[in-house]
Amino acid sequence: MMDIRNSGSIQPKGAGKKRYNAQEKLMILGEIDHGEDIPGVAEKHDIAVGTLKRWREKREAAKSGDDPLGLSGLEGKSTRPRRLGNKISRETEEKIRKCWSEKPGLGPSQIHYQLKRDGIKVSTKAVRRVLIEAGYRKKERVGMEGLIRFEAERPNKLWQMDILDFWLGKSRLYLMLVLDDYSRFVVGWGLFNEATMSHAITIMRKAINRYGRPEGLLTDRGMQFHSWRTMSRFEKLLESLWIEHILARAHHPQTLGKVEALNKRIQNELLQKRQFRAQNEARDAIQGWVHEYNHSRTHQGLRDPELGSVLVPADRYYGRADEVLAKVRARLGGGAPASIDYTKEIEEMEAIEVLKVIENRGNLEIWFCGRRYKLIV
């Protein structure tokens, strides 16, 4: 056997040195080959016994006619992280950037699901890389620990209502929002110069006329919804319609978490981004934002066990979730890109299809969304 004990010097590990090179490993193993015990060599060079044994195994496996000493088996591998499965086409990068420019409030995970809904396969990691190159900065999430999450069992089981204020020049405006808890669908909203109980009643009446009566309504204890001394006009309206009024715990905004999250999103994506010249301009912009939120953008809270968050609020509210999920699976599988935009179909429904009043044997009957209700005077 070739004597390699004196063929070079071994620089001990210390400050600035984290590993031995292949030649040094070969010299250390040479000490064992010439009779020194493995524990002694390991202690001498500050190396684990198991590491020495692995070196020996790799050296033996690498021995060949071209490499009789097995030096190639002792060469260190690069510790530089490899990018695996993270390379995407230029076309997909452009779609990521376009999606983010159209919806700047979305993060990497949300854009991943937005594209997935359209049949485009791309990892969240790849989306994040493209967004960072485009200037995206991650926002810290605080105050989420220990929260108990709940969700209504069906549409119109529970609505949430809240008020958001913002400034238009020197004028303070108030945006009232009503959200369906199960689907996160915005069933009502209004923009006013004041936040009064009358305005809250107006918003509720409009929402009920369009989408039907909820079984319950969750609000905070603001004067627009609740009176400490007696039953307010707002509460009397709810009682007359057999709607249970649920009051959030005082000083605990997390109870209204879904509508509070909606408030923050419309603030970050619209109200703090745009400079409105008039109240009508702000109202039109809010209307467009709400329509897109309901019908176009995927929601992180609507998660399918298999496909993740590819649904939009309208999918759940109108009972189209299973149909949409099937179409998304077909798109991802390379099938025909069936349309999943049914917004136009809903908006073009005739009024008689939603609400009609007929006389039946001298009695008035109200039909709402295909269901019959008796009119009791």
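The values are calculated or read from the model by the stated rules, or taken from the named source; none is laboratory data. Not measured: the values here are computed from a predicted model. With ideal geometry, Cβ positions are generated from the backbone for all residues, glycine too; neighbour counts draw on all protein chains shown.
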Quick check: is even one residue across the stretch 107-129 among the hydrophobic types (A, V, I, L, M, F, W, C) and either in the same structural domain as residue 282 (by TED's automatic domain parsing) or free of Cβ contacts under 8 Å to residues at least 12 places away in the same chain (or both)?
no
Is the stretch 253-273 home to any residue that is over 24 Å from the mean Cα position of the chain (by Cα), surrounded by fewer than 13 Cβ atoms within 10 Å (Cβ to Cβ) and outside any strand (DSSP E or B)?
no
Test: residue in the stretch 331-343 that is in a helix (DSSP H, G or I), modelled with pLDDT of 90 or more, surrounded by 16 or more Cβ atoms within 10 Å (Cβ to Cβ) and out of contact with any Leu (no Cβ under 9 Å at 6 or more places or on another chain):
no
Being in contact (Cβ under 8 Å) with a residue 12 or more places away in the chain and over 29 Å from residue 275 (Cα atoms) narrows 216, 190, 222 down to just 216
In the set 213, 283, which member is part of a helix (DSSP H, G or I), among the basic types (Lys, Arg), at pLDDT 90 or above and surrounded by 13 or more Cβ atoms within 10 Å (Cβ to Cβ)?
283
Can you pull out every residue in the stretch 191-203 that is in a helix (DSSP H, G or I) and either hydroxyl-bearing (Ser, Thr, Tyr) or in contact with a strand residue (DSSP E or B) (Cβ under 7 Å, 6 or more places away or on another chain) (or both)?
198, 199, 200, 202, 203
Being of a type in the set (Lys, Arg) and loosely packed, with under 15 Cβ neighbours inside 10 Å is the filter here; which residues of the stretch 85-96 pass it?
87, 90
